[in-house]
């Protein structure tokens with residue numbers, strides 16, 4: 001057993017001899033020795049919270065304006081193919097991670113699993129890789145706020161918008177996990193419904209019902225289905241990886257879920273399909289209504305950005321509609337930035353709990369908020385202030401390259417860790433039938449997941465090597481790889497770690513046992529159930545009722 005696991009065991013709280021299983025709090029960790037592990041955070045998140053945290057974390061302002069980036073760099077068909085490819089990649093992630101996270105739910109998630117089944121040094125490197133991935137996503141969300149808000153006025157400098165947002169979100173992120181979860185549920189629900197509404201707007205624009213000009217597939221013919229060749233397609237793959245990042249974040253919330261055996265697989269599967277529909281649908285519809293050579297779309301030279309819907313509505317003569325779309329995008333910031341802070345802070349919190357980050361980040365307030373992890377993470381988000389000396393579009397591209405490569409690395413090692421966990425189960429005669437959730441297509445999907453993402457991270461910056469050579473772009477595209485190697489090798493040499501022997505891997509600590517009992521969602525007392533019943537009373541089998549039922 002690794003040193004970090006031994007430390008976790010030493011911090012376990014004994015159950016009294018007379019305490020029955022029914023006395024143990026719902027959602028606690030029950031290792032094989034009968035201890036309850038107290039990791040300091042509150043287990044208050046319900047199934048609906050977990051699903052919307054993942055959905056809200058990836059449907060952010062970038063969903064509405066960064067699709068224009070994909071469209072501009074690879075054309076409508078190139079962007080669509082890129083998003084579908086990464087969507088399949090993410091499906092493999094949900095399968096491997098779902099199996100592991102339901103068996104061992106914790107805030108450390110796959111970063112912890114890597115140390116348990118592969119190598120403690122990999123856990124260290126992967127944990128920090130995932131933290132700075134979300135840190136750069138957070139910075140890009142702040143940068144995106146400056147891009148969008150600058151649409152209305154350029155009198156206020158972009159750094160001022162960033163600082164205003166930074167102060168606001170520092171306050172909201174310290175309110176506690178239950179407040180955060182409830183806020184995220186309603187905001188993410190709003191974003192999902194707005195996305196469906198925008199699809200309707202796109203259909204009306206494309207058919208000429210708005211603007212009077214029938215477009216059809218005109219822009220797929222001219223300026224054409226593809227743009228910028230392999231270089232543009234590579235940029236779309238990286239962008240899609242960043243946009244899809246967050247599907248795996250459901251597993252991070254496992255340590256604060258009431259019932260991960262039920263909640264995590266459900267959230268991973270439903271979130272994947274929602275994201276696939278949202279992003280593939282968004283790219284498809286924007287490719288219909290906006291030409292890929294529009295100068296108003298986001299690019300590396302942009303100082304402000306417009307959503308493709310804003311561009312299309314302005315072109316159709318609805319100038320005021322652009323303000324409405326941008327206002328909606330600003331509202332999405334409330335959700336996406338909160339999610340980025342939450343996920344990144346819980347990641348560094350888990351690192352600190354296992355001795356792989358300074359101990360101060362493991363400290364929590366009385367209501368279970370990892371305050372120092374949150375403050376440090378949000379401070380990292382201020383690298384978005386790089387746009388003081390660079391165009392905001394340039395900063396967007398640089399941060400995108402870093403977070404995209406980090407996402408590919410994280411997904412690759414989720415696949416490898418899954419293989420090693422199954423090897424440990426086989427070596428210790430643990431039947432596959434004992435798994436709360438079984439991955440589809442094992443072992444093929446796990447190996448494909450590992451190999452495909454190693455390949456993707458290696459080619460992610462291919463375009464920078466073309467003539468003329470882009471030194472700055474090359475550095476940002478591949479910076480993550482040497483950093484990851486240094487973290488892994490450095491920890492391995494300093495602590496003299498070894499690859500975990502499958503026969504000795506820990507398959508006991510942290511396994512979740514469920515003791516029955518219904519929460520608010522099962523008894524019909526939750527806000528979402530009550531809201532759905534009200535809708536049913538008003539509209540029977542109305543479309544909104546059916547959509548909401550799927551959301552819950």
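Only residues that are loosely packed, with under 15 Cβ neighbours inside 10 Å and more than 18 Å from residue 373 (Cβ to Cβ) were counted in segment 165-185, giving 2.
Could you tell me whether any residue of segment 125-145 is within 26 Å of residue 337 (Cβ to Cβ) and in contact with a strand residue (DSSP E or B) (Cβ under 7 Å, 6 or more places away or on another chain)? No.
Report yes if some residue within segment 138-161 is within 18 Å of residue 411 (Cβ to Cβ), buried (at least 24 other Cβ atoms within 10 Å of the Cβ) and in the same structural domain as residue 484 (by TED's automatic domain parsing); otherwise report no. There is no residue in segment 138-161 that is within 18 Å of residue 411 (Cβ to Cβ), buried (at least 24 other Cβ atoms within 10 Å of the Cβ) and in the same structural domain as residue 484 (by TED's automatic domain parsing).
With respect to residue 340, determine if the residue is buried (at least 22 other Cβ atoms within 10 Å of the Cβ) and closer than 27 Å to residue 181 by Cα. So residue 340 fits the description; yes. Going by what's in this entry, would residue 119 be described as surrounded by fewer than 24 Cβ atoms within 10 Å (Cβ to Cβ), out of contact with any helix residue (DSSP H, G or I) (no Cβ under 8 Å at 6 or more places or on another chain) and touching a residue at least 40 places away in the same chain (Cβ under 8 Å)? No, not satisfied.
Here residue 105 clears all of (1) assigned to a helix (DSSP H, G or I); (2) within 18 Å of the chain's Cα centre (by Cα) except the condition numbered (1). In the list 292, 245, which residue meets the criterion of being under 30 Å from residue 370 (Cβ atoms) and modelled with pLDDT of 75 or more? Matching residue, one of 292, 245: 245.
Scan segment 407-423 and tell me whether some residue there is assigned to a helix (DSSP H, G or I), in contact (Cβ under 8 Å) with a residue 12 or more places away in the chain, surrounded by fewer than 17 Cβ atoms within 10 Å (Cβ to Cβ) and assigned by TED's automatic domain parsing to the domain that holds residue 123. Scanning segment 407-423, I find no residue that is assigned to a helix (DSSP H, G or I), in contact (Cβ under 8 Å) with a residue 12 or more places away in the chain, surrounded by fewer than 17 Cβ atoms within 10 Å (Cβ to Cβ) and assigned by TED's automatic domain parsing to the domain that holds residue 123, so the answer is no. The condition (being surrounded by fewer than 24 Cβ atoms within 10 Å (Cβ to Cβ), part of a helix (DSSP H, G or I) and modelled with pLDDT of 90 or more) is satisfied by just one residue among 128, 134: 128.
The sole residue among 178, 205, 193 that is more than 24 Å from residue 287 (Cα to Cα) and in contact (Cβ under 8 Å) with a residue 12 or more places away in the chain is 178. Against the criterion of being in the same structural domain as residue 246 (by TED's automatic domain parsing) and free of Cβ contacts under 8 Å to residues at least 24 places away in the same chain, residue 349 does not qualify. Run residue 204 past the list (1) modelled with pLDDT of 75 or more; (2) part of a helix (DSSP H, G or I); (3) in contact with a helix residue (DSSP H, G or I) (Cβ under 9 Å, 6 or more places away or on another chain) and report the number of the one that doesn't hold. Only one criterion in (1) modelled with pLDDT of 75 or more; (2) part of a helix (DSSP H, G or I); (3) in contact with a helix residue (DSSP H, G or I) (Cβ under 9 Å, 6 or more places away or on another chain) is unmet by residue 204, namely (3). For segment 358-367, the condition of being farther than 30 Å from residue 119 by Cα and touching a helix residue (DSSP H, G or I) at 6+ places or on another chain (Cβ under 7 Å) holds for at least one residue. Report yes if residue 372 is in the same structural domain as residue 309 (by TED's automatic domain parsing), closer than 26 Å to residue 308 by Cα, over 17 Å from the mean Cα position of the chain (by Cα) and not in a loop (DSSP other than H, G, I, E, B), otherwise no. No. Among the numbered conditions (1) touching a residue at least 40 places away in the same chain (Cβ under 8 Å); (2) touching a helix residue (DSSP H, G or I) at 6+ places or on another chain (Cβ under 8 Å); (3) surrounded by fewer than 20 Cβ atoms within 10 Å (Cβ to Cβ), the only one that residue 432 does not meet is (1).
The values are calculated or read from the model by the stated rules, or taken from the named source; none is laboratory data. On a predicted model such as this, the values are computed, not experimentally measured, just so you know. Quick reminder, even Gly has a Cβ in these numbers, built from the backbone with ideal geometry, and neighbours come from all protein chains shown.
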